[in-house]
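Here is the structure we will look at, set down as C-alpha cells.
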Amino acid sequence: MIEEFLKLSPAAQVRYLKDEQFAARERDQRVAFLKELASSNRCSSKCLASALKLLRELRYHDRAFYRGFLEHPDSSVVMACKKALGDRPHENGLGFVPMREMVKRQNNERKLETVKLIVSETGQAGEELLISFLSEDNLRVREVVVRELSQRPQLDEEKLAAQLPRSIWFARAAIVEVLGNRHSGQLLERATALAGDPNVEVRLQLLMALAKFERGQVRELLARLTKDPHVRVSREAQRIFSSI
C-alpha cells in the first residue's frame, strides 16, 4: 500500500491522509502506516509534516522518533516535530538561537512562511523570538509579527519598549506601531523622546500611534510635531491635531 501511496502527487498524498476513509482505519494500522511513510526518503516535506501531525493527534509518544526529524531542512517538518514533542520553538530542543539562525539563512519567501508557521502552530510563541523578528528587513515578516504582538492578551510591553534605543529604525517603527495598537502607556512615556527620533518614518509612525489615544493624553505632543522640520511629519501632525 505504501508503494501505491508514494506514486501520488504531494497534494494528493496530503488529501488522502485527511480523507475519512483513512481516518476510519484502526488506530494501530494508521500509526504503522504513518511511521513507515515518515521513514521513507521518497516522502515529500509537505506529506511528512502532515504525517507527523497525525501521529501526534493519534497520541503516538515516541520522543526518539520525533527527534529524528528536528534537523530536517523544511521548517514545517521541524515545527510539526516540536509540536509533537510538546515543546515550543523558543524552549527545549531546537532552542531560540538555532531557530533564529535558521530563519536568518532563509530567503524572503521561506522566511515569511516560517514566521507565519511559528505564530500559527504555537499560538503563544516566545515573546523574545517574535520581538527579534521585528529587526528583519523583510516588511511582510514585520507585518505578521506586528499583527501578532498587537493582538496578544498578554505582552511584556515594558520589555518591548526597552528595545527602542538599540533598534534599527524600521524595528523602532514596528515597536511604536505595536505599542500604539495596544494603547500602551509605555509609548506615552517615551513619546517625547520619539518625537525627536532622527528617522522620519519613526516620527510618522509615532503620529499614527498617537492618533489612537485620548485627546488629552497626546494634544501637547501633537502640537509640538506640527512644527517638525520635515514637511511630511508637520503636515500629518497638523491633520491629526485638527481632527481631535
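The values are calculated or read from the model by the stated rules, or taken from the named source; none is laboratory data. Small disclaimer: the values here were computed from a predicted structure and weren't measured. As a convention, Cβ positions derive from the backbone with ideal geometry for all residues, glycine included, and neighbour counts pool all protein chains shown.
Key figures for this structure:
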| read-out | value |
| --- | --- |
| Residue count, segment 58-79 (criterion: among the basic types (Lys, Arg) and part of a loop (DSSP other than H, G, I, E, B)) | 1 |
| Residues within segment 209-220 that are in a helix (DSSP H, G or I) and farther than 17 Å from Glu177 by Cβ, tallied | 5 |
| Verdict on Val103 being exposed (fewer than 15 other Cβ atoms within 10 Å of the Cβ), in a helix (DSSP H, G or I), at pLDDT below 90 and among the hydrophobic types (A, V, I, L, M, F, W, C) | no |
| Some residue of segment 130-148 being over 27 Å from Val233 (Cα atoms), among the small types (Gly, Ala, Ser) and within 17 Å of the chain's Cα centre (by Cα) | yes |
| Verdict on Lys111 being at pLDDT below 80, charged (D, E, K, R) and out of contact with any strand residue (DSSP E or B) (no Cβ under 8 Å at 6 or more places or on another chain) | yes |
| Which numbered condition Ala211 misses (of (1) under 28 Å from Arg140 (Cβ atoms); (2) at pLDDT 95 or above) | (2) |
| Boolean, Lys111 is more than 30 Å from Leu222 (Cβ to Cβ), buried (at least 19 other Cβ atoms within 10 Å of the Cβ) and either in contact with a helix residue (DSSP H, G or I) (Cβ under 6 Å, 6 or more places away or on another chain) or not assigned by TED's automatic domain parsing to the domain that holds Asp74 (or both) | yes |
| Checklist (1) touching a Leu at 6+ places or on another chain (Cβ under 8 Å); (2) farther than 18 Å from Glu127 by Cα; (3) surrounded by 14 or more Cβ atoms within 10 Å (Cβ to Cβ) applied to Ile244, failing item | (3) |
| Checklist (1) modelled with pLDDT of 85 or more; (2) more than 21 Å from Ile118 (Cβ to Cβ); (3) of a type in the set (Phe, Trp, Tyr) applied to Phe69, failing item | (2) |
